[in-house]
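Following: one structure in structure tokens, then a few remarks.
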Amino acid sequence: MSTHALLTLYNRRCVSVADIPLLEVEEFAAALASSIASGWRIVSLFGVPEDTRALRLCAVLANDDRGLLGATCALVRQEYPALSTSCRQAVRFEREIAEQCGAIPTGHPSLKPLRRHPPDHAPSAWTLPPKNREDFPFDVVHGDEVHEVAVGPVHAGIIEPGHFRFNAHGEEVLSLEIMLGYQHRGVERLLEGSERGRAVLVAESIAGDTVIGHTGAFCGAIEALARSHKTPRAQTIRGIALELERLANHIGDLGALSGDVAYQSSAAFFGRLRGECLNLLMTISGNRYGRGLIRPGGVLFDIPPTMTSEVLRRVERLREEVRPVAELLFENASVQSRFDGVGVVSAEQCRAAGYVGVVARSCRVPVDVRHDFAYGVYRYAQIPVATAWSGDVYARAIVRWLEVQRSMEFIVEQLAALPRGEVLVDCGALRPSELVVALEEGWRGEIAHIVMTDAGGHIRRHKVVDPSFHNWSALSAAMPGNQISDFPLCNKSFNLSYAGHDL
Amino acid sequence: MAFCRKVVAETLVFDYLRARFGHRFTRASLGPNDSGLPVRFRGRPVFAQLHGDVATVDGTPVGETASEHRRRDLPIIDLGRSVFAPEETQRLDGQAAAFTQDYRMAASSRNALLTSGGEIELAHALDRKMRRLLGRSLRLRLVAAGSCGGCEAELAALSNVVFDMARFGIQFVASPRHADGIVIAGAVSENMRDALEKTYEAVPDPKIVVAVGACAISGGVFAESKRVLGGVPSSIPVDLWIPGCPPHPLTMLDGLLRLLGRADHLKE
């Protein structure tokens, strides 16, 4: 395709909004479709009110092989021809745009509300008829002995709320529809409307298990717009915190997967070791999830030399303790037989739908923001991308274990060579009329915070994309053909965020 | 074949034992001084550093005893709104405040979370009848309603081998029908309002309600959003308020044991 339809940009580098191509909607649709055909994928597609009657559609695309990001825009009226007809990756994003902005993409396969809330980013002159979830019934499968199973929003375990609707034939799942939105708190509006000191606390609460990931992306965007340059020491501490967060969650997930196949010993061991990782974050930041650590301009807490040696010692001990437990899990034939071939996602499905993170890497799609769009400390210290081939529960477990090992190595290396200097610098006013895309490889996958400022340097739009937004549909795609009793195991192997999706 | 199976079985047992002996199963201690919390942990905030009986602000004695200082008009800290961010104590109305390492903060009423000096009245026990019913076996159902998932993660941690809540007879159960009470996390989103009320109604009487985290108590960082109620609605009476963002598992455990009148487990 002609590349003039797409402005090239880089992770955490600002561009002027005026430089982004502003296309007619047909051109825009063609640009999206042809870019995706040539190896790009959608990072985000969202709406920004342009004036009282027009909506600006912004698409941010990524080309992982070339390490490039691209942006393009179009102005649309309330009704416009749906992009989804020519671009499958746009389906969920257009559902979101219809709900957030009140737009009507005609020809869209289903404008079922994603989160169930009134539009909060609509051009002011649009009339917005109320939309009821009841007008969009669940998909039904007809046939003898086909039955529906409804689960949620209040589940059996200690997990967040969501509703799952299965169509099953006996034990076999025919289809799974996932209805979310129960955790919707209006995060984007709060990020746009709050002063910075308050907004960073909201960013910490987008997904409570991804505090470092989301706050890192939030601050990355704000710092780029303020032209504030973090010190190397602050970048390294952020990297260490991000890998500690990954360790805690991956180890916790391996424990939960053990529990879901009734292997209690490794469940108990991993459960304790997860706590050790959280306690390491608490030693550094005062909070088990790293709240209070990351702020625009750097980090609030330094790691002084005495703490460095203590953290090093504890990570080394963790390394010794976690290996025999992983061997216990992965070398156990009865565990392998439960993990094998359950909930398969193929590389083709992954590329077509644009899945990210652990889910993508488990079916040999090697996408990793730390590698493809290196930022901060990852420009100097590369972490090899861990991949697996089979796309099943086993693959998602083994990728987590590989990443656990590499994150521990990274932390040990970085602690031994912490750059000297301050950890917090000033982060002033934002540049006007600019756009920045800040990507971060959270433990689930690619986190995107896309911020656009207005002519006065205020935040005009703050778009958040949690990896769960891309990957929830992978769970629906993986379930058909599996047993309904394998759903908890399958769900846990994805371990997606409800809060991160619902915002 | 039989031989092979035996070898496999023995190897597994060996692997298990090897892993088992490498681990230290130290249970979390509930004492105020030996909880092992790091110096940067942000627990109950207080105004002014108290050195012995003399109150100081920024290291300067203010010329009155600690108790006099406390009684004076200090600004109110609302532990129910606090997310325990480092910035929160920098300076409030000209008064220096600081976080202590005291994790004990759960209270029996919303008002008890408002403090001027930093001292709070910790949760008191349920009445004798409820203690007889629930004191040694408490089954709880979690309802996450407009949360970020952080409080859920810490509630789940209560069941691991370190905090091991089950040693006190407290467990989470799958259904509200099996439960003696509900634990609510989150600012209560509009979309969870119905489900929360139905879950509460589904729990058989008598029942207790525990509000966990800044969001459930006051809406937390989401209080200004139109999409949330801003905490547990007044239609649901709360027995225990556990502040924090998220509260440390020890804060939760301490609160639950106080509620059950089992503070004898807490080494004072």
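Bear in mind these aren't lab numbers, they're just calculated from the coordinates by the rules spelled out. Keep in mind that what you see is a predicted model, and the values were worked out from it rather than measured. A quick note on method: Cβ atoms are made from the backbone with ideal geometry, for glycine too, and the neighbour counts reach across all protein chains shown.
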Determine the sum of side-chain charges near A:Arg13: Lys and Arg each +1, Asp and Glu each -1, restricted to other residues whose C-beta is under 14 angstrom from that of A:Arg13. +1
Could you compute the FRET efficiency for B:Ala125 and A:Arg77, with r as their C-beta to C-beta distance and R0 at 45 Å, rounded to 0.05? 0.10
Cut-off 15 Å, label point 7 angstrom out along Cα-to-Cβ of B:Glu87: give me the residues of segment A:195-234 whose amide nitrogen falls inside. A:195-205, A:215-216, A:218-220, A:222-223
How high is the FRET efficiency from A:Arg133 to A:Glu310, r the C-beta distance, R0 30 Å, rounded to 0.05? 0.05
How large are Rg and Dmax for the protein assembly as shown when calculated on the C-alpha trace, in angstrom? 25.8, 85
Per DSSP, the loop-located GluC sites (Glu not before Pro) within segment A:406-440 having at most 13 other beta carbons within 10 Å are A:Glu422
Residue-averaged beta-carbon neighbours from other chains (10 angstrom radius) around B:218-228: 6
The extension gain from A:Glu50 to A:Glu26, computed as 0.36 nm times the residue separation minus the Cα-Cα distance, is 6.8 nm
Check A:Leu9: other-chain or 5+ apart residues with amide H under 5 Å from its amide H, H built from backbone geometry? A:Leu69, A:Gly70, A:Ala71
Rank-order B:242-252, A:167-177 by packing density, defined as the average count of other C-beta atoms within 10 Å over each peptide's residues, highest first. B:242-252, A:167-177
Just checking the output field for A:281-290: average partner chain Cβ neighbours within 10 Å of each residue's Cβ? 6
How charged is the neighbourhood of A:Glu413? Take every other residue with its Cβ under 11 Å from the Cβ of A:Glu413, and add Lys/Arg as +1 and Asp/Glu as -1. -1
Could you work out, residue by residue across A:446-452, how many beta carbons of other chains sit within 10 Å of that residue's beta carbon, and then give the average as an integer? 0
Pairs to check: B:Lys198/B:Lys226; A:Lys112/B:Lys226; A:Lys131/A:Lys492; A:Lys131/B:Lys226. Give those whose C-alpha atoms are more than 24 Å from each other in this structure. A:Lys131/A:Lys492
Add +1 for every Lys or Arg and -1 for every Asp or Glu among the other residues with Cβ under 10 Å from the Cβ of B:Ser109, and state the total. -1
By what distance, in whole Å, do the Cα atoms of segment A:3-134 stretch along each of the three principal axes, largest value first? 44, 28, 26
